[in-house]
């Protein structure tokens with residue numbers, strides 16, 4: 001019987017089931033990008049590398065942008081950071097907890113608010129301890145809103161973010177208010193067990209915020225620092241280890257069961273969420289201080305992973321902001337700021353391991369009943385070729401291919417496939433091997449510091465054994 005060529009799902013998302021032998025699909029340090037008029041509907045592109053930006057070190061407590069200037073709290077110091085990464089000390093921010101920032105414009109008062117247990121304001125010249133106590137803050141229509149103990153919140157008025165003029169309650173449930181967060185003209189009061197949206201009534205006296213009773217959501221906030229938004233939606237980690245998206249009053253779980261299972265047991269108090277807009281694509285990044293980072297791509301509605309090093313450790317970036325026309329992040333290991341770049345293919349000189357584990361392939365994949373023995377003769381990859389660099393690692397770049405016949409429990413020896421020295425665009429990236437199987441999975445890994453995109457793949461098979 002002649003061999004026939006069958007496509008393989010080289011492009012895909014992370015989907016690791018608790019039963020790894022059933023499904024162990026992984027996409028790490030690549031991300032999917034739609035290519036509707038290309039060879040395929042989507043390809044995998046390499047996630048951004050990292051190069052040095054600032055040199056000041058310490059405990060990262062967060063980044064913020066105010067009036068076009070970058071600010072960074074390291075240890076107990078607030079710094080301004082210019083476009084060349086030069087740090088200038090401003091003053092002291094007590095404590096060690098992560099800071100939550102807000103901007104406030106009330107009349108002629110234009111201030112940055114820093115909530116870190118104590119609340120500070122900075123107007124560009126003077127850092128002030130307001131004597132208010134709160135660990136989060138948000139801003140809406142000239143008002144700054146703070147949690148105020150229990151299910152209560154405090155609202156400031158014409159005196160600016162240092163002057164509380166009224167207090168209210170998010171009391172649909174007896175849960176504590178964890179964090180207020182303003183988005184699209186609503187203030188979402190995130191509690192331990194509920195999310196209560198409020199709107200600005202414009203009232204000149206009393207509490208100017210009123211609850212939208214029909215939009216209360218019965219879901220609690222699991223990580224105070226995981227709330228973030230794109231232009232389209234609000235994201236957060238729930239108290240049940242699921243990740244949720246909110247569009248106005250519509251609450252949607254977006255995490256897969258495998259991701260929920262992976263998050264369970266992690267320290268949610270240290271989890272950080274932020275969003276990145278890159279090439280008009282939106283990503284919600286959920287970072288933990290152990291294990292891989294989870295990333296949701298809004299346009300594709302799919303998940304992938306980020307990790308630094310080769311041991312599936314946490315992704316380098318624990319904080320992120322877009323400023324000075326740069327993607328600025330913080331290396332959680334040192335507190336140094338770095339620039340994320342799509343023309344850098346390592347992280348501060350360290351290897352980036354990009355990996356794709358394909359879903360299992362069996363006779364079911366070709367429309368036949370499960371359990372029929374197949375034989376493979378070749379696997380071929382469509383990917384960006386001819387991307388080698390001049391000298392050193394990556395001058396003759398290769399992808400590593402392994403296969404598993406037991407659902408990913410064990411893997412074959414490594415097989416290396418060249419995908420093109422500089423300018424060799426017509427190279428065929430293929431691996432010939434006679435392998436007989438009932439079920440097979442492939443793992444593709446690239447560690448060379450070069451551009452490499454994955455497009456599609458195919459396997460040559462026939463029914464029966466050798």
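The values are calculated or read from the model by the stated rules, or taken from the named source; none is laboratory data. Quick caveat, the model's predicted, so the values are computed rather than measured. Don't worry about glycine lacking a Cβ; one is built from the backbone with ideal geometry, like all the others, and counts go over all protein chains shown.
The table below gives the values:
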| quantity | calculated |
| --- | --- |
| Matching residues, region 122-166, being closer than 15 Å to residue 196 by Cβ and surrounded by fewer than 21 Cβ atoms within 10 Å (Cβ to Cβ) | 148, 150, 152 |
| Scope region 438-456; condition farther than 30 Å from residue 391 by Cβ and in contact with a strand residue (DSSP E or B) (Cβ under 6 Å, 6 or more places away or on another chain); matching residues | 439, 440, 441, 442, 456 |
| Identity of the residue in region 349-367, assigned by TED's automatic domain parsing to the domain that holds residue 446 and without any contact (Cβ under 8 Å) to a residue 60 or more places away in the chain, that ends up nearest to residue 17 (Cα to Cα) | 364 |
| Check on residue 163, free of Cβ contacts under 8 Å to residues at least 60 places away in the same chain, more than 30 Å from the chain's Cα centre (by Cα) and within 27 Å of residue 245 (Cβ to Cβ) | no |
| Criterion (at pLDDT below 95 and in contact with a strand residue (DSSP E or B) (Cβ under 8 Å, 6 or more places away or on another chain)) met by exactly one of 215, 249, 242 | 249 |
| Residue count for region 337-352, restricted to those that are surrounded by fewer than 16 Cβ atoms within 10 Å (Cβ to Cβ) and either under 23 Å from residue 402 (Cα atoms) or in contact with a strand residue (DSSP E or B) (Cβ under 7 Å, 6 or more places away or on another chain) (or both) | 3 |
| Residue 57 surrounded by fewer than 19 Cβ atoms within 10 Å (Cβ to Cβ), in contact with a strand residue (DSSP E or B) (Cβ under 8 Å, 6 or more places away or on another chain) and outside any strand (DSSP E or B) | yes |
| Output for region 23-36, where each listed residue is assigned to a strand (DSSP E or B) and closer than 17 Å to residue 281 by Cα | 30, 31, 32, 33, 34 |
| Restricting region 315-331 to residues that are farther than 15 Å from residue 274 by Cα and touching a strand residue (DSSP E or B) at 6+ places or on another chain (Cβ under 8 Å), the residue that is surrounded by the most Cβ atoms within 10 Å (Cβ to Cβ) | 324 |
| Residues that are farther than 18 Å from residue 323 by Cα and either over 24 Å from the mean Cα position of the chain (by Cα) or part of a strand (DSSP E or B) (or both), drawn from region 37-54 | 37, 38, 39, 40, 42, 43, 44, 45, 46 |
| Within region 60-86, tally of residues that are crowded, with 19+ Cβ neighbours inside 10 Å and either at negative phi or modelled with pLDDT under 95 (or both) | 13 |
| Top-ranked residue of region 1-16 - restricted to ones that are in a loop (DSSP other than H, G, I, E, B) and in contact with a strand residue (DSSP E or B) (Cβ under 7 Å, 6 or more places away or on another chain), ranked as nearest to residue 282 (Cα to Cα) | 13 |
| Which numbered condition residue 411 misses (of (1) outside any loop (DSSP other than H, G, I, E, B); (2) in contact with a strand residue (DSSP E or B) (Cβ under 6 Å, 6 or more places away or on another chain); (3) surrounded by fewer than 17 Cβ atoms within 10 Å (Cβ to Cβ)) | (1) |
| Test result for residue 374, in contact with a helix residue (DSSP H, G or I) (Cβ under 7 Å, 6 or more places away or on another chain), surrounded by 16 or more Cβ atoms within 10 Å (Cβ to Cβ) and either closer than 27 Å to residue 34 by Cβ or modelled with pLDDT of 90 or more (or both) | yes |
| Boolean, residue 392 is part of a loop (DSSP other than H, G, I, E, B) and without any contact (Cβ under 8 Å) to a residue 24 or more places away in the chain | yes |
| Any hit, region 433-445, residues being in contact with a helix residue (DSSP H, G or I) (Cβ under 8 Å, 6 or more places away or on another chain) and part of a loop (DSSP other than H, G, I, E, B) | yes |
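Each row is one residue, and each column tells you yes or no for (1) within 30 Å of residue 18 (Cβ to Cβ); (2) touching a strand residue (DSSP E or B) at 6+ places or on another chain (Cβ under 8 Å).
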residue: 391; (1), (2): no, no
residue: 396; (1), (2): no, yes
residue: 399; (1), (2): yes, yes
residue: 407; (1), (2): yes, yes
residue: 418; (1), (2): no, yes
residue: 423; (1), (2): no, no
residue: 435; (1), (2): yes, yes
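Quick grid of which residues meet (1) in a helix (DSSP H, G or I); (2) within 23 Å of residue 31 (Cα to Cα):
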{"position": "225", "(1), (2)": "yes, no"}
{"position": "251", "(1), (2)": "no, no"}
{"position": "269", "(1), (2)": "yes, no"}
{"position": "275", "(1), (2)": "no, yes"}
{"position": "283", "(1), (2)": "no, yes"}
